[in-house]
1. Which of V60, V86 has the fewest other C-beta atoms within 10 Å, and how do the rest follow up to the most?
2. Just to be sure I understand the curve: with the Debye formula and one point per C-alpha of the range 35-96, what is log10 I(q)/I(0) at q = 0.24 Å⁻¹?
Amino acid sequence: MGLRDEEQRRLTEIEHGLAAEDPRLARRLTAVRRPLQARLTVLVPCVVAALLGGLALMTVGAQWISLGLIVTGTLLAVFAPTALIVWRFGWRHRRW
């Protein structure tokens with residue numbers, strides 16, 4: 001259901017007024033952000049791959065009794081998914 005011409009004109013006036021009053025806010029509101037689903041379709045396979053790769057390295061390291069492979073696998077299984085999630089969602093202090 002579309003807006004009537006008068007409503008659309010009024011909204012456009014409000015938008016231009018806000019943009020003139022606070023250009024920084026206007027840039028933030030018009031910035032294109034990828035939807036959550038699009039971000040998750042990239043993130044989930046990467047996290048799963050890092051977990052499985054780390055578990056595989058830990059398993060091989062345990063079979064070969066290799067401390068280096070066990071440590072590398074643990075780091076890959078724990079820190080890589082965490083880093084991917086933090087990087088992808090940008091979990092940092094946000095000022096509202």
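Read-outs throughout are calculated quantities, based only on the coordinates presented, and are distinct from any laboratory measurement. Values in this document were obtained by computation on a predicted structure and should not be read as measured data. We place every Cβ from the backbone using ideal geometry, glycine too, and count neighbours over all the protein chains shown.
1. With the sparsest Cβ surroundings first, the list reads V86, V60.
2. Listed by q, the Debye log ratios stand at -0.89.
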